[in-house]
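Here's the structure, in structure tokens; my notes come after.
The values are calculated or read from the model by the stated rules, or taken from the named source; none is laboratory data. Here the structure is a predicted model, which is why all the values come from computation and not from measurement. Counting neighbours? That spans all protein chains shown, and the Cβs are built from the backbone with ideal geometry, glycine included.
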Amino acid sequence: MTDVNSANSPVNIKICPDDILAKLHQLPTLTIVVREIIASFKNENTDSITLTSKISQDQGLSAKILRVANSPFYGLSRKVGTVQEAALVIGFNSIRNLALSAGFMLAFPHSQDNLFDRKSYWLHSFRVAGYTQALAKCLGHDQQLAFTIGMFHDIGLLVLDVCIPERFAGILAKQNASGLELTEIEQAELGFDHALVGAEMAKRWNFPQEIEQSIHYWRTPEHEPFGWSIDMVYVAVLLEKGLREDELINSLPAGLCDRLQLSWECIKNVLPDPEQLDIVAHQIIEG
């Protein structure tokens, strides 16, 4: 097993989150449409017609949205030809989530050259998003916000990959060799982990506070103050790993189960098919 503090590490100097944040100019620029989509989460009076019209003017986003809307995942009885028509059929909130996901996938495309596999990252994130949304449906919380929270729960990984690519590649190599948790190696190598950086980015991107806090604390659901979104992401990640029935419920902290009043009977009735989630994700990533 590899020692995460090994002197053979190419870089052993600790850095701080501010060192990462000073490199944010290296991050891809989000389009105006994507920034407006993010802002819409904080505006209960969002004009869905206007926002849908703006989304339709972005050819890249529109193509991806229509491809997904016309896929078997939604099972529409007829093909839709415009984003506005798709919004009428599958709902504005679904269109908004698809557009936001596609916008970030376009901004952070996958590459064959990186040790950090962005394609696998987006597939994982989309599955977690689907499971988080399902849990919200089961427990009566905001499903669309839950999807977005799940989609960006590990966004800090992308920030590290862009801002300190060589250092991050070394951290990933140590994880592969040691089998330790990635956050454990990040703490040893950097003095902080990607959850902190991701939460700060969510704040700077003007995401709702629920998303920021969930990114920061989903691995530690007993952290106070408690939040339904933090708990749900924790459960969704276990679902993405394949845990089901008693194995899942017995893996959850007692406090979390009490807070959510969670049971497998509730979950199994709303759980999406992981293969279907992958089909949709592939259509967004590769289309």
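Looking only at the stretch 253-267, count every residue that is more than 17 Å from Gly227 (Cβ to Cβ) and in a helix (DSSP H, G or I) and tell me the total.
Number of matching residues: 5.
Consider only pairs whose beta carbons are under 7 Å apart and that are at least six residues apart or on different chains; among these, list those whose first residue lies in the stretch 261-287 and is assigned by TED's automatic domain parsing to the domain that holds Glu247 and whose second residue is at pLDDT below 90 and surrounded by 14 or more Cβ atoms within 10 Å (Cβ to Cβ).
Gln276/Phe73; Ile279/Ser71; Ile279/Phe73; Val280/Ser71; Val280/Phe73; Gln283/Ser71; Ile285/His110
Name the single residue that is modelled with the highest pLDDT among those in the stretch 35-62 being assigned to a loop (DSSP other than H, G, I, E, B) and touching a Ser or Thr at 6+ places or on another chain (Cβ under 8 Å).
Kept after step one, since they are assigned to a loop (DSSP other than H, G, I, E, B), are these residues of the stretch 35-62: 41-47, 57-58.
Next cut, touching a Ser or Thr at 6+ places or on another chain (Cβ under 8 Å) only: 41, 46, 58.
Details: Phe41: 90, Thr46: 86, Asp58: 93.
Step by step, filter the stretch 35-62, then rank; the result is Asp58.
Can you tell me which of Ala99, Ala129, Ala69, Ala39 is in the same structural domain as Val159 (by TED's automatic domain parsing) and either touching a helix residue (DSSP H, G or I) at 6+ places or on another chain (Cβ under 8 Å) or closer than 27 Å to Lys203 by Cα (or both)? Steps first, answer last, please.
On the way: Ala99 fails: in the same structural domain as Val159 (by TED's automatic domain parsing); Ala69 fails: in the same structural domain as Val159 (by TED's automatic domain parsing); Ala39 fails: in the same structural domain as Val159 (by TED's automatic domain parsing).
Selected residue: Ala129, the only one of Ala99, Ala129, Ala69, Ala39 that is in the same structural domain as Val159 (by TED's automatic domain parsing) and either touching a helix residue (DSSP H, G or I) at 6+ places or on another chain (Cβ under 8 Å) or closer than 27 Å to Lys203 by Cα (or both).
If I filter the stretch 70-81 for residues that are of a type in the set (A, V, I, L, M) and in contact (Cβ under 8 Å) with a residue 60 or more places away in the chain, do I get at least one hit?
The answer is no; no qualifying residue exists.
Kindly indicate which of Asp246, Asp161, Asp154 is free of Cβ contacts under 8 Å to residues at least 60 places away in the same chain, within 22 Å of Met105 (Cα to Cα) and among the acidic types (Asp, Glu).
Asp161
Per-residue answers, yes or no, for (1) closer than 24 Å to His153 by Cβ; (2) in contact with a Pro (Cβ under 9 Å, 6 or more places away or on another chain); (3) hydrophobic (A, V, I, L, M, F, W, C); (4) surrounded by fewer than 16 Cβ atoms within 10 Å (Cβ to Cβ):
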| site | (1), (2), (3), (4) |
| --- | --- |
| Ile65 | yes, no, yes, no |
| Asn70 | no, no, no, no |
| Val80 | no, no, yes, no |
| Gln84 | no, no, no, no |
| Ala87 | no, no, yes, no |
| Arg96 | yes, no, no, no |
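Table: residues versus (1) under 30 Å from Cys163 (Cα atoms); (2) part of a helix (DSSP H, G or I).
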residue: Lys64; (1), (2): yes, yes
residue: Phe73; (1), (2): no, no
residue: Gly81; (1), (2): no, no
residue: Ala102; (1), (2): yes, yes
residue: Pro109; (1), (2): yes, no
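Can you report the number of residues in the stretch 268-287 which are in contact with a helix residue (DSSP H, G or I) (Cβ under 6 Å, 6 or more places away or on another chain), assigned to a helix (DSSP H, G or I) and aliphatic (A, V, I, L, M)?
Number of matching residues: 5.
Just to check your reading of the model, which residue among Met151, Met105 is within 23 Å of Thr220 (Cβ to Cβ) and of a type outside the set (S, T, N, Q)? Spell out the reasoning first.
Numbers: Met105 fails: within 23 Å of Thr220 (Cβ to Cβ).
The match here is Met151.
Yes/no per residue for (1) in contact with a strand residue (DSSP E or B) (Cβ under 7 Å, 6 or more places away or on another chain); (2) under 18 Å from Ile230 (Cβ atoms); (3) surrounded by 20 or more Cβ atoms within 10 Å (Cβ to Cβ); (4) not charged (D, E, K, R):
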residue: Ser111; (1), (2), (3), (4): no, no, no, yes
residue: Leu115; (1), (2), (3), (4): no, no, no, yes
residue: Tyr131; (1), (2), (3), (4): no, yes, yes, yes
residue: Cys138; (1), (2), (3), (4): no, yes, yes, yes
residue: Asp142; (1), (2), (3), (4): no, yes, no, no
residue: Gly150; (1), (2), (3), (4): no, yes, yes, yes
residue: His153; (1), (2), (3), (4): no, yes, yes, yes
residue: Asp161; (1), (2), (3), (4): no, no, yes, no
residue: Ala169; (1), (2), (3), (4): no, no, no, yes
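Just checking, which of Trp228, Trp205 is surrounded by 15 or more Cβ atoms within 10 Å (Cβ to Cβ), of a type outside the set (Val, Ile, Thr), within 17 Å of Ser125 (Cβ to Cβ) and within 21 Å of the chain's Cα centre (by Cα)? Show your work before the answer.
On the way: Trp228 fails: within 17 Å of Ser125 (Cβ to Cβ).
Being surrounded by 15 or more Cβ atoms within 10 Å (Cβ to Cβ), of a type outside the set (Val, Ile, Thr), within 17 Å of Ser125 (Cβ to Cβ) and within 21 Å of the chain's Cα centre (by Cα) holds for just one of Trp228, Trp205, which is Trp205.
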